[in-house]
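In what follows, a structure is listed as structure tokens, so that the remarks can point back to it.
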Amino acid sequence: GAVVSQHPSRVICKSGTSVKIECRSLDFQATTMFWYRQFPKQSLMLMATSNEGSKATYEQGVEKDKFLINHASLTLSTLTVTSAHPEDSSFYICSAPRVVAENEQFFGPGTRLTVL
Amino acid sequence: DAKTTQPTSMDCAEGRAANLPCNHSTISGNEYVYWYRQIHSQGPQYIIHGLKNNETNEMASLIITEDRKSSTLILPHATLRDTAVYYCIVRGSQGGKLIFGQGTELSVKP
């Protein structure tokens with residue numbers, strides 16, 4: 001099956017710094033990717049839709065200036081958590097469908113962010 | 001997209017069938033039922049999806065009631081590696097984003 005990778009798998013940073021998380025589709029092109037956040041013992045919460053060649057679409061309540069999304073190519077989307085604070089500590093997961101209307105989505109393994 | 005309701009947790013004995021129910025009483029005619037699972041600290045994994053007919057693949061079977069207001073995911077011979085949170089999601093046919101509910105935490109016990 002299709003594979004989506006994320007880098008890094010874990011990151012620890014100091015409060016106030018920015019962290020970039022990469023999401024790559026390894027064997028298919030993805031014009032759309034999705035970013036989720038998951039706190040302990042909770043479900044996945046959709047943050048935003050990343051669109052290749054255009055601006056990301058953010059879900060209600062998600063600060064677009066804090067969570068910067070760049071979909072630079074058909075295989076790469078990046079999420080930058082700017083001026084991270086301890087409350088941003090979470091599990092960040094991306095996903096991508098091989099084709100926009102395809103029924104099956106492929107998820108990355110997730111990135112564990114810890115802000116000290 | 002329609003809302004789904006699932007039991008918070010279930011137990012199943014290893015080797016037995018695991019039957020996970022999902023209610024989606026507000027599902028509309030063009031919405032599909034999807035099942036994903038998430039093993040601890042990993043990304044979700046697609047299992048199966050269906051519209052009206054029952055579906056089966058190498059992982060599981062999906063039984064959808066005739067009125068489409070509920071469905072059941074069946075893992076025919078559960079193993080310890082099937083311990084995970086199982087999410088039932090209803091989504092339109094245009095694809096796009098998946099909205100996750102709370103899911104069912106399935107524990108397969110020896």
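The values are calculated or read from the model by the stated rules, or taken from the named source; none is laboratory data. Treat the numbers as computed from the prediction; the structure is a model and nothing was measured. Cβ atoms come from the backbone with ideal geometry, glycine included; neighbour counts cover every protein chain shown. Note: areas computed on protein heavy atoms with side chains; ligands, DNA, RNA excluded. Shrake-Rupley method; radii C 1.70, N 1.55, O 1.52, S 1.80 Å.
For the reader, a short list of remarks on this structure follows.
- Of the residues making up the stretch A:12-50, just one is in a loop (DSSP other than H, G, I, E, B), closer than 15 Å to A:Leu79 by Cα and open to solvent by less than 70 Å² (accessible area, probe 1.4 Å), namely A:Thr17.
- For A:Thr17, the test of being at pLDDT 95 or above and touching a Lys or Arg at 6+ places or on another chain (Cβ under 6 Å) is failed.
- Residue list for the stretch B:74-110, restricted to those being among the aliphatic types (A, V, I, L, M) and within 14 Å of chain A (Cβ to nearest Cβ): B:Ala84, B:Val85, B:Ile89, B:Val90, B:Leu98, B:Ile99
- Residue match in the stretch A:51-72 (condition: out of contact with any helix residue (DSSP H, G or I) (no Cβ under 7 Å at 6 or more places or on another chain), closer than 15 Å to A:Pro8 by Cβ and either in a strand (DSSP E or B) or open to solvent by 50 Å² or more (accessible area, probe 1.4 Å) (or both)): no
- Set side by side, the residues B:Tyr36, B:Tyr32 differ, and just one is among the aromatic types (Phe, Trp, Tyr), open to solvent by 40 Å² or more (accessible area, probe 1.4 Å) and touching a Leu at 6+ places or on another chain (Cβ under 8 Å), which is B:Tyr32.
- For the stretch B:39-64, the set of residues classified as away from chain A (no Cβ under 12 Å), among the aliphatic types (A, V, I, L, M) and either in contact with a Phe, Trp or Tyr (Cβ under 9 Å, 6 or more places away or on another chain) or open to solvent by 30 Å² or more (accessible area, probe 1.4 Å) (or both) consists of B:Ala60, B:Leu62, B:Ile63, listed by residue number.
- Test result for A:Ser90, open to solvent by less than 10 Å² (accessible area, probe 1.4 Å), within 20 Å of B:Gln42 (Cα to Cα) and either more than 14 Å from chain B (Cβ to nearest Cβ) or hydroxyl-bearing (Ser, Thr, Tyr) (or both): yes
- Look at (1) within 11 Å of chain A (Cβ to nearest Cβ); (2) not in a strand (DSSP E or B) and you find that B:Tyr32 fails only one, number (2).
- Residues within the stretch B:65-95 that are open to solvent by 10 Å² or more (accessible area, probe 1.4 Å) and part of a loop (DSSP other than H, G, I, E, B), tallied: 12
- Residue satisfying all of: in the stretch A:1-60; within 14 Å of chain B (Cβ to nearest Cβ) and β-branched (Val, Ile, Thr); nearest to A:Arg112 (Cα to Cα) among these: A:Ile21
- Residues that are of a type outside the set (S, T, N, Q) and either modelled with pLDDT under 95 or assigned to a strand (DSSP E or B) (or both) within the stretch A:1-11 comprise A:Gly1, A:Ala2, A:Val3, A:Val4, A:His7, A:Arg10, A:Val11, listed in sequence order.
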